[in-house]
Amino acid sequence: MRNLYILGPTNKNSEYIGLWQLHPFTLFKKELRDAGYNVIRKHARTCQEISNLTKDLEQPDIIAIRPDWTENPNDVLNLCKNLRDNYFDSKIIMIDPFDQSSSRFFESLPYLNAMVKYLSLKDKKLYLADYAAGVYAVQKLKDDFGVSPSDDWSVRSTVEKGQEHKIVTGSFCIEPKLIKKIKSPINKWLLGMKDKNISLFCHMSCGKRDDLEWYGKHRVKAVEQLKKLSRYNISVEAEYLGEPRISSKEYVKRLKASKLVYSPLGWGEVTMRAYEALANQSLLVQPDISHLDMFPNIFVPNETYIPVKWDLTDLAEKSEYYMTHEAEAAEIVTKAREAFLNEFTADRFISRFERIFNMEL
């Protein structure tokens, strides 16, 4: 039996994304034990708390740390250095908190066996290039759409050549209640696809109306494109800080009643809206993410979601096509659910992590 220590957020007051990332280790704890892993979770919120927990670990075959995204990169680097010094024979992995393919913590890679992300670039060599704000997606948005962050916004960190292969996909970040909805019995699932009376849903927070950030500008443009389809029954609106917006209850009600859902770019390529769409049996439309490796991978272009160009020039056209070809839309939604169910299993999760656990320093 190998001792697998998970050091990160576990109590109910923890940041929700951290809890979601560590959720599978609880969900599949029995299966992990059957596979030979004794999972020991310990709550830690800061680098100092993680460091305190690592002083007296009993036979730590594998140590998985999940730092908060607000931690100073130098503190994370020193934590990883100390872990490697004290537990040279242990496998040490970081479950990276950043929800884009980049990270502020890449300098820690030489001391890790792996950095596990819930989305990463398929082509690991891309990590050796320099991008606007340190983010591949931001650079692509700058190239394709012409907007970029201000100079003071950056998550840049450097990947040392020869370390890029350690950046792997393995964790995921999905709200547990959405997982439950997606996995609901097929008869209940198919029932949920009937009687949808909204053709398209797109309500997005865009920031301050008079001071839009780079991603806010992209979201406003998406709304402008989709409002060209106002002859259909759509629910599309840009929402701004300090101005009226639909309630959470109304948001859920409308999304559930929608045939298509547009998921915008955030700080990264994928937001929770993508999984909300699937959980509500809606066809996902979003900027193309074929450059990403994800787990579970429910993002197969034109098979499980509809990709659009990052400049949004085909957004209205593609959306209208599937709004008026409902059978094709429903078939893609069903394939997306099947892809999720095929990927989101204890066997697939454990198999992926066993490869990670066996990576050499």
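Do we have Lys227 as touching a strand residue (DSSP E or B) at 6+ places or on another chain (Cβ under 6 Å) and closer than 30 Å to Leu109 by Cα here? The answer is no for Lys227. Has the range 302-318 got at least one residue that is open to solvent by 30 Å² or more (accessible area, probe 1.4 Å), β-branched (Val, Ile, Thr) and over 18 Å from Ile198 (Cβ atoms)? Yes; the residues of the range 302-318 include at least one that is open to solvent by 30 Å² or more (accessible area, probe 1.4 Å), β-branched (Val, Ile, Thr) and over 18 Å from Ile198 (Cβ atoms). Quick check on Arg273: is it of a type in the set (Lys, Arg), within 22 Å of Lys221 (Cβ to Cβ), at pLDDT below 95 and crowded, with 16+ Cβ neighbours inside 10 Å? Yes: the conditions hold for Arg273.
Is the range 326-340 home to any residue that is out of contact with any Phe, Trp or Tyr (no Cβ under 7 Å at 6 or more places or on another chain), crowded, with 20+ Cβ neighbours inside 10 Å and under 30 Å from Ile62 (Cα atoms)? Taking every residue of the range 326-340 in turn, at least one turns out to be out of contact with any Phe, Trp or Tyr (no Cβ under 7 Å at 6 or more places or on another chain), crowded, with 20+ Cβ neighbours inside 10 Å and under 30 Å from Ile62 (Cα atoms). Residues in the range 61-117 that are within 20 Å of Val39 (Cα to Cα) and hydroxyl-bearing (Ser, Thr, Tyr): Tyr87, Ser90.
Condition first: within 20 Å of the chain's Cα centre (by Cα) and surrounded by fewer than 16 Cβ atoms within 10 Å (Cβ to Cβ). Now tell me which residues in the range 341-350 satisfy that.
Leu341, Asn342, Thr345, Arg348, listed by residue number.
Residues of the range 264-297 that are without any contact (Cβ under 8 Å) to a residue 60 or more places away in the chain, touching a Lys or Arg at 6+ places or on another chain (Cβ under 8 Å) and either of a type in the set (Phe, Trp, Tyr) or more than 22 Å from Tyr215 (Cβ to Cβ) (or both): Leu283 alone. Within the range 251-265, being open to solvent by 10 Å² or more (accessible area, probe 1.4 Å) and part of a helix (DSSP H, G or I) holds for Tyr251, Val252, Lys253, Arg254, Lys256. Scanning the range 32-71 for residues being part of a helix (DSSP H, G or I) and within 18 Å of Asn82 (Cβ to Cβ) gives a total of 10. Tally up the residues in the range 24-55 that are farther than 21 Å from Lys91 by Cβ and either within 20 Å of the chain's Cα centre (by Cα) or of a type in the set (Lys, Arg) (or both), please. Qualifying residue count for the region: 3. Test Pro287 against the criterion of being farther than 22 Å from Met204 by Cα, under 22 Å from the mean Cα position of the chain (by Cα), open to solvent by less than 50 Å² (accessible area, probe 1.4 Å) and not β-branched (Val, Ile, Thr), and give yes or no. In short, no.
Trp214 fulfils the conditions (1) modelled with pLDDT of 90 or more; (2) open to solvent by less than 80 Å² (accessible area, probe 1.4 Å); (3) over 30 Å from Ala339 (Cα atoms) except for a single criterion, (1).
Is it the case, given these coordinates, that Val223 is β-branched (Val, Ile, Thr), at pLDDT 95 or above and surrounded by 16 or more Cβ atoms within 10 Å (Cβ to Cβ)? So Val223 passes the test. With respect to the conditions (1) modelled with pLDDT of 95 or more; (2) open to solvent by 20 Å² or more (accessible area, probe 1.4 Å), Asn11 lacks only one, and its number is (1). Remark: pairs (first residue in the range 309-322, free of Cβ contacts under 8 Å to residues at least 40 places away in the same chain; second residue open to solvent by less than 10 Å² (accessible area, probe 1.4 Å) and outside any helix (DSSP H, G or I); Cβ separation under 6 Å; 6+ apart in sequence or on different chains) = Asp314/Val308; Lys318/Ile306; Lys318/Val308. Looking at the range 142-165, can you tell me whether even one residue there is part of a strand (DSSP E or B) and either open to solvent by less than 60 Å² (accessible area, probe 1.4 Å) or of a type outside the set (Lys, Arg) (or both)? Within the range 142-165, not a single residue is part of a strand (DSSP E or B) and either open to solvent by less than 60 Å² (accessible area, probe 1.4 Å) or of a type outside the set (Lys, Arg) (or both).
The values are calculated or read from the model by the stated rules, or taken from the named source; none is laboratory data. The shown structure was predicted, so the numbers you read here are calculated from the model rather than taken from an experiment. Quick reminder, even Gly has a Cβ in these numbers, built from the backbone with ideal geometry, and neighbours come from all protein chains shown. Please note that ligands, DNA and RNA were not included when accessible areas were found on the heavy atoms of the full protein model with its side chains. Shrake-Rupley method; radii C 1.70, N 1.55, O 1.52, S 1.80 Å.
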